[in-house]
Each structure stands twice: as structure tokens, then as C-alpha cells.
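The values are calculated or read from the model by the stated rules, or taken from the named source; none is laboratory data. What you see is a predicted model; the values in this text were computed from it and never measured. Neighbour counts run over all protein chains shown; Cβ positions are idealised from the backbone, glycine included. What goes into the accessible areas is simple: the full protein's heavy atoms, side chains included, and nothing from ligands, DNA or RNA. Shrake-Rupley method; radii C 1.70, N 1.55, O 1.52, S 1.80 Å.
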Amino acid sequence: GKQGTRAAMEADSTTVPFEELYERLEKKPLGEGTYGEVFKARNTRTQEIVALKRIKLDQEEEGMPSTAIREISLLKELSHPNVVKLLDVYCANASSKKLYLVFEMVDMDLKRYVKTKGSLDAATCKSFALQLLEGVECCHTKRILHRDLKPQNLLISTKSNPPALKIADFGLARAFLTPVPKYTHEVVTVWYRSPEILLGSTLYSVPVDIWSCGAIIAEMATLSPLFPGDSEIDTIFRIFRKLGTPTEQEWKGVHALPDMKQSFPKWQHRGWEKIPRMHEIFGPLGISVIADMLKYDPKERISARRALQHPYFVGQ
Ligand code: AMP
């Protein structure tokens, strides 16, 4: 309660206890994500409307690990128009299982935005792709991984024109080292997971986020997920069926990965042109940069910075 510690205090909120500072506005959560429920709330001092995320910590764990609090506090320093701003962090006390993260409020997520619009035109897809990569580039420059990029945590602010895309949950995966599913009832999607993670690699880095970007950007055109597997192996096989089974030639060391098997079927790349709407929305340049984001070998996968320099984004 009152003697709770705010990891890094807001200059204007030091005297007001957290519970009084943020007033929950609706009983029903705005959504449920990987780490817990998100509620609409108001800062009673500034009247600012915020998104309050209540993180559920798993039962066995001894309260809030201090490393996680430190990690999260660092995220408060992160400020970019395409990353949902973390405004405040609060942990009731050392033995509490509850942690609250206060974020800027964004009116929609990408899933709902697409649903209300029916589809996205070529200009909107390019704008969202650009903003997604700008946000990712900023975090990658600071060596912060997302690890779980998906349409559900891409939020869309319709207050501006064109609408602004903002990435939620950047950096949280590292703060909470425990496997994600423990925190929530929500089924964890593996549709946007990179092949190196799906094949059991434990040494992975920023390219995992670029893979997710490629899958998400393609989906902006097709309106249906590229690799909607109901399990990790089903997702892997869906990737192989579309992009061809990877060979040692295109991905050196693939057969050394724990879950890659010589006995897997050998499919051929189906070709991007065959996927509905890809060509009309992205054209050859867009398809080329998406293909670079979906390269099997993480070392050959394009970086966010280079993707932003690609003629698809640079040219008119
Ligand atoms: P997440 O935990 O980030 O995956 O969020 C789960 C859902 O909660 C999202 O799909 C949004 O609908 C909602 N949500 C999360 N963060 C915010 C926010 N900052 N503003 C408004 N809604 C949010």
C-alpha cells in the first residue's frame, strides 16, 4: 500500500500513493495480453487517460525480482513515437505478486483497426510497415529485443493522420525471464515466431524481431496470417511449405539446430506472387524487402536500419 516503492518516481507524483493517483475507469479490461490485463485509468493529478497493465507474477516466485524492476525502469527512458511510452512503474511491496505498468493510452490495436476498415490500402500498409521498422530500429539500437511481436501488440492511434503505429511490450520479455505462458490464460501465438526459435535455438538475437515484422507486414496485405500453426511444429511446416524447406546452402548450420530433422519433407519455395494481394499492395520492391525480412539464416536477414534504406521505403 502506502509504503510501496515506485521504481523510479515521477517528479509530480511523489506525494500521492499509486492507488490514488490512478483511478480505474472501467471494470472491464481493455484487453488481455501476454503479461496480464490492461485497464483504462485516469491520472487524477493530470487527468491524463492511461493504460494500466497489471502484471501477474507466477505463484511460486518469491515476489518481484529486483532485476526485473531495474530492467523495466530502464524502459522508462525509452522514448520514440512508434513505441508505446511507459510512464510509470509500481510494485506494491517486495513480497507482492502484483506489478503495475502505466502506459500511454492508444485507442486501437492493429487487429481491431483492420477489422473496422475491412482492409488496408497500399499507402497505409507502407506507412505502418515504415513505422513498425522505425520503432524496432530504435529499440534494436539500444540492444532491446521484443521477442513477441504480433498484430495484437501493435497499437494504432487514430488521433493523427496518417494513423500512428506504436509497439507495445518492448523489452518486457527480458525483464520476465520465466517462460511467458505462466502469466496468463491467453493462448500464446507462435505464428510470428522465427524459425531459429521454433527449431530450438537458444542463442538468438535481434533478427527474431525482424522475422516477426516480415510476417506481420505481409499479413497487412493478405489479411490472414502467413503461418497460422496450432503448434510449433505445425508452424515450422507451414513456413517450409510456403518458403521451401531450408537447405544448408541457404542457412549454414540449420541441421545442427536441436529440432531440425533430416527426415522433414523437402518442399520448394512457392513464390510470393502466388500469395493473394501481395503484389497489388507491395509491388516487386515491397515483396523484395519482405523476403529479406523472412530470410531463413538470421545472419542474412535484413536489419531494421537497412530495411528502412530499402528502395521500397526510400523511393516514391
Ligand atoms: P498486450 O498486453 O500489449 O498484448 O495488450 C493486450 C491488449 O490490451 C491489446 O491488444 C490492446 O487491445 C490492449 N492494450 C494494451 N496496451 C494498451 C495501451 N497502451 N492502450 C490501449 N490499449 C492497450
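Miscellaneous remarks
- Annotation for the range 214-221: no member residue is without any contact (Cβ under 8 Å) to a residue 40 or more places away in the chain, under 25 Å from K299 (Cα atoms) and assigned to a helix (DSSP H, G or I).
- If you go through the range 124-143 and keep only what is over 12 Å from A221 (Cβ atoms), open to solvent by 30 Å² or more (accessible area, probe 1.4 Å) and not polar (S, T, N, Q), you end up with L130, E134, E137, K142, R143.
- Condition met for L21 (in contact with a strand residue (DSSP E or B) (Cβ under 7 Å, 6 or more places away or on another chain), away from the ligand (no atom under 16 Å from the Cβ), of a type in the set (A, V, I, L, M) and at pLDDT 85 or above): yes
- Any hit, the range 105-116, residues being near the ligand (Cβ under 10 Å from one of its atoms), acidic (D, E) and surrounded by fewer than 19 Cβ atoms within 10 Å (Cβ to Cβ): yes
- Taking the numbered list (1) closer than 19 Å to L110 by Cβ; (2) open to solvent by 10 Å² or more (accessible area, probe 1.4 Å); (3) at pLDDT below 90 in turn, V180 passes all entries but (1).
- Positions within the range 246-277 being charged (D, E, K, R), assigned to a loop (DSSP other than H, G, I, E, B) and either in contact with a strand residue (DSSP E or B) (Cβ under 8 Å, 6 or more places away or on another chain) or free of Cβ contacts under 8 Å to residues at least 40 places away in the same chain (or both), in sequence order: E248, K261, K266, R270
- When residues of the range 278-316 are limited to those that are part of a loop (DSSP other than H, G, I, E, B) and charged (D, E, K, R), the one surrounded by the most Cβ atoms within 10 Å (Cβ to Cβ): R301
- Hey, F237 farther than 25 Å from T124 by Cα, part of a helix (DSSP H, G or I) and not β-branched (V, I, T) or not: yes
- Yes/no for R238 being in contact with a Phe, Trp or Tyr (Cβ under 8 Å, 6 or more places away or on another chain) and open to solvent by 30 Å² or more (accessible area, probe 1.4 Å): yes
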